[in-house]
């Protein structure tokens, strides 16, 4: 049984970690960490946990926590995990960080995009980028996992086979993405109030969204060349879900069968990536509440471009589900253990 501690258990991603891990046959949550709700019963914060979780929220004492658990999930704002992690802690336990603190290998690049100073740059190189379908081999022996962001997960998985095979011009990649409001976190912000969001759609982080360098870095590793993209996210009035639509120019004329073969090459054995049938395109409603990523593509023969589309649940595959998937790999468990949730509809 893997003993688990969660720092930030009362945010959206933290609560989703709790929901998933409570149903995991080989995991036991022994620490519900929360800075905002110390000494308050967890089920008082989340009524869906009434008579399911009797534990009380504890603080963020990572030194004390490291002595009690096999793995710590940090579902916290940027900067906190890097301020807490040290060699003594990593000798005792593994860490899966759901923030961006260890996703970007260039510390100057991280500090530029996130506007904060990195507190433990000596661990950046060691940290493994936890996109399971791509870095599984490295995840197995890692002590510190940088759990990918939600937009990058959806975008990278939908583009990766074509970037890896070198069939698209990486200088032409443009991604337009839509996200549900839960992606902004559980904190109170005027821009996320019901009346501000309902019956509207808006772009945000135009040319400056913090997930841009993460996407660029991973696509650069895949293609073997430096990649710079246009990435524009949009906020839509729904709770969960991300739909990412990416565009790129094909280097040569390819048929549907040619491209489908490339997606199958990388994903035919991947439980959590579903390559849809021809002319069936991803929709957020068909992945909601699950750890699946639905992907597909369409060749535009008129323009010589290809449209690559992906859909995920931003809180599951985009955060907590992928974190548990990483945990399973790290501890030699079945990768889909505790994660076989069928998407919820309606």
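Rule-based calculations on the coordinates, nothing more; no lab input. Because the structure is predicted, anything quoted here is derived from the model rather than measured. Cβ placement follows ideal geometry from the backbone for every residue including glycine, while neighbour counts extend to all protein chains displayed.
Tell me, 102, 281 in order of fewest to most beta-carbon neighbours within 10 Å? Please list the in-between numbers first.
On the way: 102 27, 281 17.
Placing the least packed residue first, the sequence is 281, 102.
Taking 7 Å along the Cα-to-C-beta vector as the label spot, tell me the residue 50-residue 176 distance in nanometres, rounded to one decimal.
In this crude spin-label approximation the distance works out to 4.4 nm.
How do the peptides 225-235, 49-59 rank, highest first, by the average count of neighbouring beta carbon atoms within 10 Å per residue?
225-235, 49-59
Calculate the tail of P(r) for region 229-346: the fraction of all Cα-Cα distances greater than 20 Å, expressed in %. Intermediate results must be reported in sequence, preceding the final value.
Numbers: 3382 of 6903 pairs.
Within region 229-346, distances greater than 20 Å cover 49 percent of Cα pairs.
Expressed as an acute angle from 0 to 90° and rounded to the nearest 10, what is the orientation of the C-alpha long axis of helix 12-21 relative to the principal long axis of the chain?
Tilt of helix 12-21: around 80 degrees.
I'd like to compare 331-343, 70-82, 198-210: which one has the highest average count of other Cβ atoms within 10 Å, and what's the full order after that?
70-82, 331-343, 198-210
Round to the nearest 10 and give me the degree value, 0 to 90, for the angle of helix 256-267's Cα axis relative to the longest principal axis of the chain.
Tilt of helix 256-267: around 20 degrees.
Could you give the nm distance between label points at residue 278 and residue 64, where each point is 7 Å from its Cα heading toward the beta carbon?
Simple spin-label model gives 6.2 nm for this pair.
May I ask what percent, to the nearest 5, of DSSP beta bridges between residues of the chain are antiparallel?
Roughly 45 percent of the beta bridges in the chain run antiparallel, per DSSP.
Note the angle between two axes, namely the Cα long axis of helix 212-223 and the longest principal axis of the Cα atoms of the chain, as a number of degrees from 0 to 90, rounded to the nearest 10.
60
How much mean residue ellipticity at 222 nm does the chain get from its helices, if each DSSP H run of length 4 or more adds -39500 (n - 2.57) and you divide by all residues, to the nearest 500 deg cm²/dmol? Kindly include the intermediate steps, with their values, before the conclusion.
Details: 12 runs with 100 residues, N = 346.
Per the formula, -8000 deg cm²/dmol.
What does the extension gain come out to for residue 91 and residue 186, with contour length at 0.36 nm per residue minus their alpha carbon separation?
31.0 nm
For region 163-292, what does the relative contact order come out to in percent, with C-alpha contacts under 8 Å and a separation of six or more?
Relative contact order of region 163-292: 37 percent.
Once you order the gyration tensor axes a ≥ b ≥ c over the Cα atoms, which shape class does region 151-314 get: rounded for a/c under 1.5, otherwise prolate or oblate by comparing a/b with b/c?
It is prolate, given that a/c is not under 1.5 and a/b is the larger ratio.
Along the Cα-to-Cβ line of residue 271, 7 Å from the Cα, sits a label point; which residues in region 306-346 have backbone N less than 15 Å from it?
Once the point is set 7 Å along Cα→Cβ of residue 271, 317, 321-343 turn out to lie under 15 Å by backbone N, inside region 306-346.
Between residue 140 and residue 3, what is the label-to-label distance in nm when each label sits 7 Å out along the Cα-to-Cβ direction?
2.7
Given a cut-off of 28 Å, what percent of all Cα-Cα pairs of the chain lie beyond it?
Values: 23927 of 59685 pairs.
Here the tail beyond 28 Å accounts for 40 percent of pairs.
Over the chain, what is the relative contact order in whole percent, taking alpha-carbon pairs under 8 Å and six or more residues apart?
On the way: 751 pairs, mean separation 60.6, N = 346.
Answer for the chain is 18 percent.
Shape call for region 2-126 from the C-alpha gyration tensor, a ≥ b ≥ c root eigenvalues: rounded (a/c under 1.5), prolate (a/b greater than b/c) or oblate? Could the numbers behind the result be given before it?
Values: a/c = 2.17, a/b = 1.71, b/c = 1.27.
Since a/c reaches 1.5 and a/b is larger than b/c, the shape of region 2-126 is classed as prolate.
Within a 10 angstrom radius of the beta carbon, how do 143, 302, 240 rank from fewest other beta carbons to most?
302, 143, 240
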